[in-house]
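In what follows, a single structure is set out as structure tokens and then discussed.
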Amino acid sequence: MKILVANLGSTSLKWRLFDFSDEAGRILHRGGYERVSDHSKAVEDCINELTRAGVISSVKDLAGVGFKTILAKDITGCVLLDEKVLNAMEAVNYVAPAHNPPYIKGVRIFAERVPDVPLIGLFEDAFYQWVPEVARRYAVPEEWYSAGIRRHGFHGASHKFIAERSAELLGRNDVAERAKTLYVKGASTKINKPDLRVISCHLGGSSSISGIVNGVAIGNSLGMSPQSGLPHNNRVGDLDAFAIPYIIRSMGISLDEVERILCKESGLKGVSGVSNDIRDILKAADEGNQRAKLAVDLLIFSARHWIGAFYFEMGGADAIVFTAGIGENSPDIRAGICAGIESLGIKINPEANKDATGCEAVISAPDSKVKIMVVPTNEELVVAREVKRFLENKKSKSSCKI
Ligand code: ADP
């Protein structure tokens, strides 16, 4: 069974093609385009590349195309992306303006180009369906909660992969198995004691932190929208709700302009005034740029804030795992986050930290009570696996428990 996973950005298309002739699945092809202005052409070029590479002979070889979809009104899990679901995504475009519109557009292009291939989305908030209500709730009136004002949590595919892989690396195959079959109805795995408590730090263009107990998320720093929590590359992160009426009234700008600034001109870019790429910001900070240094400090401060929250909530941690573009590649950011907390049993090994870039590694000192690890994420594999389950279980509309 061949499954294509397409990652759609407003100006990019990236893909991985998986073959599931064996249960684990393996990558047959990966590729992508940046600076895309015509997504229809990008989809056509992708299909041509797959054909030219000989990994498919025609689109008929594709059992399904999977998408890491973000948010839809009142729908989550792993679902067929039909018009009803696309409309439910469109209904919350203004909550995820950087993410939903390119996905909706891209899915419609695929639907036109490969009408006989099922298009399936694994929503990024599906991993948080077991989060306790207290961790979903903002202190708003009941009617607002019912209307959808709640923490969803995102980056679900990435944090789920970390839940699986970190458990394997920590020798807890019971937990890894549970994490892998989390969305399978009726699946049950006996979990041995003690509980495995992992803090997963996805630090990239978007950043978020999850607390995970025995493979199941207990919360995530992203809230109702993918703009909250830690500062992102150009999106704001946490902000007091009352800042918005204040800035509208005091600066006389429109709500549309506020949304644009919070979504495109804020985060690390807004604070540093240098770039939305942490590499440029770190370099500028090194050269003495104080705003750049503040942006770096803010990312570290915010990460520590959320790690601390989950450490407390879980009564400690067995592992802190770094992943995604920054988490996998920036020893400086990891060192900053782990600095001065030896009394909590969290002690980094500076040499191992420096050497670990883009590969699996343990970067804690041998006497650290909490293992600190770098684990490259594989969100596409998580999506592909759920798409495969969905296709094998076509009769039920969703392969997820919800
Ligand atoms: P996205 O959230 O967009 O999927 P990624 O996980 O690919 O992003 O992360 C992209 C980010 O990773 C960029 O902001 C980039 O600055 C950062 N990054 C990539 N390589 C490095 C590196 N070697 N050192 C520090 N940061 C890096």
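Only residues that are assigned to a loop (DSSP other than H, G, I, E, B) and surrounded by 19 or more Cβ atoms within 10 Å (Cβ to Cβ) were counted across segment 188-217, and they come to 5. Looking at the structure I just gave you, is residue 224 free of Cβ contacts under 8 Å to residues at least 60 places away in the same chain and away from the ligand (no atom under 16 Å from the Cβ)? It is false that residue 224 is free of Cβ contacts under 8 Å to residues at least 60 places away in the same chain and away from the ligand (no atom under 16 Å from the Cβ). Do we have any residue at all in segment 320-331 that's more than 16 Å from the ligand (Cβ to nearest atom) and either under 30 Å from residue 187 (Cβ atoms) or in contact with a Leu (Cβ under 6 Å, 6 or more places away or on another chain) (or both)? Looking through segment 320-331, at least one residue is more than 16 Å from the ligand (Cβ to nearest atom) and either under 30 Å from residue 187 (Cβ atoms) or in contact with a Leu (Cβ under 6 Å, 6 or more places away or on another chain) (or both). Number of residues in segment 281-313 that are within 12 Å of the ligand (Cβ to nearest atom) and either of a type in the set (S, T, N, Q) or free of Cβ contacts under 8 Å to residues at least 12 places away in the same chain (or both) equals 1. Residue count for segment 327-355, restricted to those that are closer than 21 Å to residue 159 by Cβ, among the small types (Gly, Ala, Ser) and part of a helix (DSSP H, G or I): 1. Can you find even one residue in segment 278-292 that is open to solvent by 30 Å² or more (accessible area, probe 1.4 Å) and under 28 Å from residue 160 (Cα atoms)? Yes; the residues of segment 278-292 include at least one that is open to solvent by 30 Å² or more (accessible area, probe 1.4 Å) and under 28 Å from residue 160 (Cα atoms). Taking segment 363-402 as the range and being at pLDDT 95 or above and open to solvent by 70 Å² or more (accessible area, probe 1.4 Å) as the test, the residues that pass are 366, 367, 369, 371. With a requirement of 1 or more residues that are aromatic (Phe, Trp, Tyr) and within 16 Å of the ligand (Cβ to nearest atom), the strands (runs of 3 or more DSSP E) lying completely within segment 1-85 that satisfy it span 12-19, 26-33, 62-67. Checked against the criteria, residue 86 does not count as within 26 Å of the chain's Cα centre (by Cα) and touching a residue at least 24 places away in the same chain (Cβ under 8 Å). On inspection, residue 23 does not qualify as loosely packed, with under 15 Cβ neighbours inside 10 Å, closer than 22 Å to residue 158 by Cβ and touching a Gly at 6+ places or on another chain (Cβ under 9 Å). Annotation note: Cβ proximity below 7 Å between a residue of segment 371-393 that is in a loop (DSSP other than H, G, I, E, B) and a residue that is of a type in the set (Asp, Glu) (sequence gap 6+ or interchain) occurs for 375/360; 376/328; 376/360.
The values are calculated or read from the model by the stated rules, or taken from the named source; none is laboratory data. Keep in mind that this is a model prediction, so the values were computed, not measured. Counting neighbours? That spans all protein chains shown, and the Cβs are built from the backbone with ideal geometry, glycine included. SASA here: full protein model, heavy atoms, side chains in, ligands and nucleic acids out. Shrake-Rupley method; radii C 1.70, N 1.55, O 1.52, S 1.80 Å.
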